[in-house]
Amino acid sequence: MAASTYTSPIETGWYYLHRLICAAVLLFLIAPILVIIPLSFNSVPFFTYPMPGLSLRWYQEFFFASQWRVALYNSIFVAVSVTLLSTTLGTLAALGLSRPNFPWRAALMSLLISPIMVPVVITAVAMYFFYADVGLLNTYLGLILAHTTMATPFVVITVTATLTGFDHSLTRAAAGLGAPPVTVFFKVTLPLILPGMISGALFAFGTSFDEVVLALFIASVDQRTLPRTMFSGIREEIRPTIIAAASVLILFSIAMLTTVELLRRRSERLRGIRNT
Amino acid sequence: MVTMAVQIAREPDGMPLRTKLTRVERRRKLRAFILVLPLLLFILIGFALPIGRMMFNAIHDDTLLTLMPRTTAALSAWDGKDLPDESTYAALAEDLKQAWAQRSMGAIAKRINYELPGLGSQITSSARKASTLSAGPYKPTLIEINPVWGRQDVWSLLKRGSLAYTPYYLLRSVDYQYGPSGQIVASPPETAIFQDMFLRTLAISIGVTALTLLLGFPVAYLLATLPAKYSNLLMIMVVLPFWTSLLVRTVAWVVLLQQHGVINEMLMALHMISQPAQLIFNRIGTMVAMTHIQLPFTLLPIYSVMKTIPPIHIRAARSLGAGPFYAFWKVYFPQTLPGIAAGCLLTFILCLGYYITPAMVGGPNDQMVGSFIAHYTNEELNWGMASALGAILLTATLLLYYVFNKLVGVDRIKMG
């Protein structure tokens, strides 16, 4: 609905005002992210424009200072473990839940995805008390299990989404042609749900890689992750290395967003769903 | 004929077809359930059980019952009017001696200190002296050792300790507590902080929800009405922040808003202000950062509802003589209400549980219930209070999710 010649002046005014408001809101949304990426290349440790010169020194510090490197390794180790665990658990559960007439499906689904609804600070406190009793406090295992709880619902949701509209006659046809269940799974089901699984795995990785509250509550300095190090860094004094770390995380989210979108399109193409 | 039919329905092995089908069906259901079982157990043990225990901790506290067994047993017959009799004091002396020997006095003192602040150290020191007592009469001796043992409120607290369940922490969370003789009274003003805290949590959440709606609605309308090639491009600007880590976005706001940050320096370069404005570590910073983080959550449900409204409706209204605003208000806007309700409710629910963002960009007067839960867990080590506040927040959240589910349906939560 473009402003055309037969609209009244007030209407035209509103049209441009609306565009102006939208531009301002979109700027508000994107500006913080765009502003800090150039600042991470600043040659002096200040956070203002114009920048006197460009330098990679903060990235060098981020990738080579032991404090940050340990945090990065910890984050990657925890996130990879979480991804493997939650993708397995979540995919199995989604396969089960998607079988036709599964009893109490809605109730069970609500329970399984409840970890993303409960405020994370409550989860963190509850797990802190629980882990204190069972001796999982300040261990890698505890952190991995806690992050897996938060990440698995995403896998359940994405894989269930790929399975809606899943043509069950395909598996029946394969079984009718004599394939044992395991072959049916690996040759027919898995390739079809793979895009959903990979999206879910990426979500799981991202959840663990970004998570800070659980890392603060149930892990110690020995298991410090990247977000935890950033958090304590900001509380003291914000250093340019934190901005470099933030920029790396932003690039990571852009890469993830692109991959998930491409996978979603591929999945829809595979299942023959056309965008309307 | 009847026998014939039965014979036909029987398979060679003599089992009715119906039974066989039921059995197959049951086996199929069992197999599906076995697939779900690992995750179900994992969530039940690793998530539901801890949460349940936290809810339980909000009303359960058996510190006094287990650490002062004799005193609490002797007190169950006490009428609460005068000071207890000599035999209760003897039991107390015995409990104090034992607690001193087993080094459990700290836990008792801490528990008493929650309800009667400042008495903890006196209770501990009296236990040290009581541990040397060998014979009665205990009543005058204990009161002489420390006058706290002659106080009515201390004894009524111990009497309440003979039950393992206490509403104390929940009462305290809404600024009530026990008076000297065990009646429920309002907390004194200097410790009555929780009603304010809940009101602040509500105010910030409502404010942020309103702001996101105000900012999100026009953008959702634009995205829904633009041709796809433009709207997809603009959509990236909405979705990218949505996907960026919450911590990163909060960092960005710290950099932008701080004293010598980008915004202050820019405003000063433009001569709009002469000295840096305080934009961070106060309500402004909290509201700006939270609105930024929540905006996509409000915007996207509204957008997806707007996408389903046929543009013909507005054109029909216009051709029937409605003015542009009348047509929008009477025809278009009512159809967007489900999206507005879903988006606002989601944002409101998520706002209630905020902890990290207010901690990083807010001041002491912007801390919400989440920060208090964290404070009682990590710093005060008062797990009863943390659990009670957590239980209240969780109940509110789950109730609102129930409403959300009735309204929208959890199955429709989508990502991206």
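The values are calculated or read from the model by the stated rules, or taken from the named source; none is laboratory data. These figures come from a predicted structure and were not determined experimentally. Every residue, glycine among them, receives a Cβ derived from its backbone with ideal geometry; neighbour counts consider all protein chains shown. Calculation scope for accessible area: heavy atoms of the full protein, side chains included, ligands and nucleic acids excluded. Shrake-Rupley method; radii C 1.70, N 1.55, O 1.52, S 1.80 Å.
Conditions tested, residue by residue: (1) modelled with pLDDT of 90 or more; (2) among the hydroxyl-bearing types (Ser, Thr, Tyr); (3) under 24 Å from residue A:160 (Cα atoms); (4) surrounded by 14 or more Cβ atoms within 10 Å (Cβ to Cβ).
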site: B:363; (1), (2), (3), (4): no, no, no, yes
site: B:377; (1), (2), (3), (4): yes, yes, no, yes
site: B:384; (1), (2), (3), (4): yes, no, no, yes
site: B:389; (1), (2), (3), (4): yes, no, no, yes
site: B:395; (1), (2), (3), (4): yes, yes, no, no
site: B:400; (1), (2), (3), (4): yes, no, no, yes
site: B:403; (1), (2), (3), (4): no, no, yes, no
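Taking residues in the range B:267-295 that are assigned by TED's automatic domain parsing to the domain that holds residue B:360 and among the small types (Gly, Ala, Ser), and partners anywhere that are crowded, with 22+ Cβ neighbours inside 10 Å and at pLDDT 85 or above, the pairs with Cβ atoms closer than 7 Å and at least 6 places apart or on different chains are B:285/B:253; B:285/B:257; B:285/B:361; B:285/B:362; B:289/B:250; B:289/B:253; B:289/B:357; B:289/B:361.
Here is a check on your reading of the model: is residue A:201 away from every other protein chain (no Cβ under 13 Å), assigned to a helix (DSSP H, G or I) and touching a residue at least 60 places away in the same chain (Cβ under 8 Å)?
So residue A:201 fits the description; yes.
Here is a yes/no grid of residues against (1) open to solvent by 30 Å² or more (accessible area, probe 1.4 Å); (2) farther than 16 Å from residue B:303 by Cα:
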position	(1), (2)
B:208	no, yes
B:214	yes, no
B:224	no, no
B:237	yes, no
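Give the range B:38-61 a look and list any residue that's open to solvent by 60 Å² or more (accessible area, probe 1.4 Å) and either β-branched (Val, Ile, Thr) or in contact with a Ser or Thr (Cβ under 9 Å, 6 or more places away or on another chain) (or both), or say none. Answer for the range B:38-61, where residues must be open to solvent by 60 Å² or more (accessible area, probe 1.4 Å) and either β-branched (Val, Ile, Thr) or in contact with a Ser or Thr (Cβ under 9 Å, 6 or more places away or on another chain) (or both): B:45, B:53, B:55, B:56, B:59. Residues in the range B:168-191 that are under 20 Å from residue B:153 (Cα atoms) and buried (at least 16 other Cβ atoms within 10 Å of the Cβ): B:168, B:169, B:170, B:171, B:172, B:175, B:176, B:177, B:178, B:187. Cβ separations smaller than 9 Å between residues 6+ apart or across chains give the following pairs from the range B:12-37 residues that are open to solvent by 100 Å² or more (accessible area, probe 1.4 Å) to residues that are at pLDDT below 85: B:18/B:9; B:23/B:15; B:28/A:99; B:28/A:100; B:31/A:99. Listed by position, the helices (runs of 4 or more DSSP H) enclosed by the range B:177-285 that each have at least 3 residues that are under 26 Å from the mean Cα position of the chain (by Cα) and within 14 Å of chain A (Cβ to nearest Cβ) are B:194-225, B:228-243, B:246-257.
Only one of (1) surrounded by 16 or more Cβ atoms within 10 Å (Cβ to Cβ); (2) away from chain A (no Cβ under 14 Å); (3) closer than 27 Å to residue A:134 by Cα is not met by residue B:69, so which one is it? Failing condition for residue B:69: (1). Taken as a whole, the range A:172-193 holds at least one residue that is in a helix (DSSP H, G or I), of a type in the set (Phe, Trp, Tyr) and closer than 23 Å to residue B:32 by Cβ. For first residues located in the range B:141-154 and open to solvent by less than 30 Å² (accessible area, probe 1.4 Å), partners that are of a type in the set (D, E, K, R) and assigned to a helix (DSSP H, G or I) and lie 6+ apart or on another chain with Cβ distances below 8 Å form the pairs B:146/B:129. When A:164, A:171 are checked against the criterion of being modelled with pLDDT under 90, within 11 Å of another protein chain (Cβ to nearest Cβ) and open to solvent by 20 Å² or more (accessible area, probe 1.4 Å), A:164 stands alone in meeting it. Taking the criterion of being out of contact with any Ser or Thr (no Cβ under 8 Å at 6 or more places or on another chain), aliphatic (A, V, I, L, M) and more than 7 Å from every other protein chain (Cβ to nearest Cβ), no residue of the range A:224-244 qualifies.
Taken together, the residues in the range A:121-143 that are within 11 Å of chain B (Cβ to nearest Cβ) and either open to solvent by less than 20 Å² (accessible area, probe 1.4 Å) or part of a helix (DSSP H, G or I) (or both) amount to 15. Taken residue by residue, the range B:293-300 has at least one member that is assigned to a helix (DSSP H, G or I) and open to solvent by 20 Å² or more (accessible area, probe 1.4 Å). Under the condition of being polar (S, T, N, Q), open to solvent by 10 Å² or more (accessible area, probe 1.4 Å) and under 19 Å from residue A:227 (Cα atoms), the residues counted in the range A:75-117 number 2.
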